[in-house]
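I have placed the structure first, in the form of structure tokens, so that the comments after it can refer back to it.
Quick note: the coordinates plus some simple rules give every number you see, no bench work behind them. Everything numeric in this text was worked out from a predicted model, so none of it was measured. All Cβ positions, glycine included, derive from the backbone under ideal geometry; neighbour counts span all protein chains shown.
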Amino acid sequence: MGRIAEGVAFHRHPLRFLRSRQSRYGDVFTIRIAVAGPMVVVADPAAIHEIVEKDGGGEARRHILGMVSERSVLGADGSQHADARGRLEPPFAHHAVAHLGEAMAAIADRHAATWPRGRPFRLLPRMRALLDEVFVRLILGVRDDRQARELAAAIGRMIYTPGNPPIPPPGEGNGLLGAAAKRLFDRRSAPAKRLLAEELDARREDTERSHDAIGCMTDLPTAEAVDQLLPLLMAGQEPPAAGLTWLLDRISREPGAAERFVDAPDHRYTQAFARETLRVTPPVHSVMRKRDGTLTMVPIVLIHRDERAFENPDLFYPERFLPDPDAAGPDLPFGGGPRRCLGEHLARTEIASVIPAILRRHQLHPVRPTPERMVVRGTVLVPRHGGLTVSA
């Protein structure tokens, strides 16, 4: 097809594109995409762990998202990744985020109170704004109200694009286009970098607060700490915002689902409902690794729809995860191996806290009769129209 046509086809309809290639070439095939270049796709459910358990995820992510620092938990590999991850694990541990549910619900309720009623609106940008504030206040630990509002707004501006670009963002190695993209990102990220630096410098005077993400960075030079925190801000917004948007859309389509989430968000069925939503519409399209110069991807969007792993894979059926969730097939919405998503416990707490808070405020109804198709935004899968919904 050519790299541009193939890139557009992948970004605009990833499931259809990958299925067509798998049908023609088998479980291992190469796609060639403008900017990103060639990628070897491994779509055999029996072989995914051979890829997922390997290192090289940082180099792969930098290949797709050129703005990610090689020193950060997202962009590093080997011992550098282990050090970066180990530094940040405490504020993301289960016991650290489990008690944040009430504060998350309060933020969600305040945001949901401003959402429109009686006319269509897009869920995705509102979920981004909500989760930016959750991340800034509860994970980074920014207590000053003005500083928190400014940093949350700066994160949103930093990664904003009109619509969903049909090719990956250019980065290093992409010539003049990559250089121009870097200048644009540097300009957009400057306010967030400044605010992070101010918070870090102020926090060094507060020796009693070391449990949050910024507190874990105060022993590093300011520039290095900001370099590591900046990609974390992006990871704390895009995938969870997409995941919670998909979940709210699905809840609005299934009779009785909203009441179940409000009454018992931690019930086995609601957990299965959330897991089935993330199976059918995962927030990230692939697990990626780069080894010996070869960029390899395990396509989550394809593996989760493989009939060898799931019976009737295109059917939304939460009961498939009951009574034994571990027997249902591959579960990759949070990746796997040594690079399994650092924010998994945070995301699960957001599902149990943010979703019920929104549903107490709004009775959501989908605008379209069927779910919006998935499109690719960077490495994230988002609804084509941003999750159009209306609140009665």
(Q) So for each of 365-377, 277-289 I average, over its residues, the number of other beta carbons within 10 Å; can you give me the resulting order with the highest mean first? (A) 277-289, 365-377
Q) If the cut-off is a Cα-Cα distance under 23 Å, which lysines reach LYS54, setting aside same-chain residues fewer than 8 apart in sequence? A) LYS290
Q) What list of whole percents do you get for P(r) of the chain, with Cα-Cα distances grouped in 20 Å bins up to the one holding the largest distance? A) 28, 61, 11, 0
Q.
Could you tell me how far the Cα centroid of the stretch 279-353 sits from the Cα centroid of the stretch 112-154, in Å?
A. 27
Q: Would you calculate a helix-derived [θ] at 222 nm for the chain, using -39,500 (n - 2.57) for each DSSP H run of n ≥ 4 and dividing by the full residue count, to the nearest 500?
A: -15500 deg cm²/dmol
Q: Using Cα positions and a limit of under 19 Å, work out the lysines in reach of LYS182, with same-chain residues fewer than 8 apart set aside.
A: LYS193
Q) Going highest first, how would you order 256-262, 121-127, 177-183, 32-38 by mean Cβ packing within 10 Å? A) 121-127, 32-38, 256-262, 177-183
